[in-house]
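Enquirer: Before we start, here is the structure in question, set down as structure tokens.
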Amino acid sequence: MNLTVGILLAGGLSRRFGSPKAFAEIEGEYFYECAYRALAGVCDRVVIVSRPELVSRFSSNYDVITDAEWVKGKGPLAGIYSGMIAIQADKYVVLPCDMPFVGPEETKKLVALADTSADITAVLNHAEKIPLFSIWDGRIKNQLKNELENGQLRVMNFMEKVTTRWIDTSTIHEDQLVFRNLNHPDD
């Protein structure tokens, strides 16, 4: 099959941001549109995972789902799992909507540099790990389900339990600001 699916995470509560980040704008484009474009360049399909009250705000041109009922609102791991069960694939490229500066070139480089033997390939810079700009192998779906069933919701905790390879962001783009996560409207 060899299908690659993009999972665009756009369902966070955006407490610090003050409004849904998916619909914040940068240069006349919604954050989610930026992330979608970045994923569409390397994925066979892209699914947006959001909250029920936001679904109608997305263009009908996009495939938008909500978390599986039993993990509804449980954070990024729940969103990734929900994307995995919505569309069966070999690989999933994950990108949150609040990283609007990551574009098609960065996702292409991540895919090209990915460790195909790893369960997850993600990025880090000199200051921090950036777990949600990553590639997840479909074979870990059941392990992810088990973790969620046991109440383990932390992305980094899950990444420590599987084979995760970290790629330095400088090999993808020299400007480290490209990888920043926008948590406040003035970021």
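The values are calculated or read from the model by the stated rules, or taken from the named source; none is laboratory data. Since this is a predicted model, take the numbers as computed values, not measurements. Every residue, glycine among them, receives a Cβ derived from its backbone with ideal geometry; neighbour counts consider all protein chains shown. When the accessible area is computed, the model is the full protein with side chains, heavy atoms only, and any ligands, DNA or RNA have been set aside. Shrake-Rupley method; radii C 1.70, N 1.55, O 1.52, S 1.80 Å.
Enquirer: For L177, only one of the following conditions fails: (1) at pLDDT below 95; (2) in a strand (DSSP E or B); (3) among the hydrophobic types (A, V, I, L, M, F, W, C). What is its number?
Expert: (2)
Enquirer: Among the residues of region 118-150, which ones are over 18 Å from the mean Cα position of the chain (by Cα) and modelled with pLDDT under 95?
Expert: Correct list: H126, A127.
Enquirer: Turning to a different aspect of this structure: Please tell me if Y36 is in a strand (DSSP E or B), of a type in the set (F, W, Y) and either at pLDDT 90 or above or in contact with a helix residue (DSSP H, G or I) (Cβ under 9 Å, 6 or more places away or on another chain) (or both).
Expert: Working: in a strand (DSSP E or B): no; of a type in the set (F, W, Y): yes; either at pLDDT 90 or above or in contact with a helix residue (DSSP H, G or I) (Cβ under 9 Å, 6 or more places away or on another chain) (or both): yes.
Here the answer is no, as Y36 does not meet what is asked.
Enquirer: Pairs needed: first member in region 22-45, over 15 Å from E105 (Cβ atoms); second member anywhere, open to solvent by 40 Å² or more (accessible area, probe 1.4 Å) and part of a strand (DSSP E or B); C-beta distance under 8 Å; at least 6 residues apart or different chains.
Expert: Between residues of region 22-45 that are over 15 Å from E105 (Cβ atoms) and residues that are open to solvent by 40 Å² or more (accessible area, probe 1.4 Å) and part of a strand (DSSP E or B), the close pairs are A22/Y30; F23/Y30; A24/Y30; F31/E25; R45/D63.
Enquirer: Does A89 satisfy being at pLDDT below 95 and either part of a loop (DSSP other than H, G, I, E, B) or closer than 16 Å to Q176 by Cα (or both)? Steps first, answer last, please.
Expert: Working: at pLDDT below 95: no; either part of a loop (DSSP other than H, G, I, E, B) or closer than 16 Å to Q176 by Cα (or both): yes.
For A89, the condition - at pLDDT below 95 and either part of a loop (DSSP other than H, G, I, E, B) or closer than 16 Å to Q176 by Cα (or both) - is not met.
Enquirer: Let me ask something additional. Whether any residue in region 49-57 is buried (at least 21 other Cβ atoms within 10 Å of the Cβ) and either under 19 Å from T4 (Cα atoms) or in contact (Cβ under 8 Å) with a residue 60 or more places away in the chain (or both) is what I want to check. Show your work before the answer.
Expert: Filtering region 49-57 for residues buried (at least 21 other Cβ atoms within 10 Å of the Cβ) gives 49-50.
From the residues that got through so far, the ones that are either under 19 Å from T4 (Cα atoms) or in contact (Cβ under 8 Å) with a residue 60 or more places away in the chain (or both) too are 49.
Yes, some residue in region 49-57 is buried (at least 21 other Cβ atoms within 10 Å of the Cβ) and either under 19 Å from T4 (Cα atoms) or in contact (Cβ under 8 Å) with a residue 60 or more places away in the chain (or both).
Enquirer: Hey, another quick one. Does V46 satisfy being at pLDDT 95 or above, open to solvent by less than 70 Å² (accessible area, probe 1.4 Å), within 23 Å of M159 (Cα to Cα) and outside any helix (DSSP H, G or I)?
Expert: On the way: at pLDDT 95 or above: yes; open to solvent by less than 70 Å² (accessible area, probe 1.4 Å): yes; within 23 Å of M159 (Cα to Cα): yes; outside any helix (DSSP H, G or I): yes.
In short, yes.
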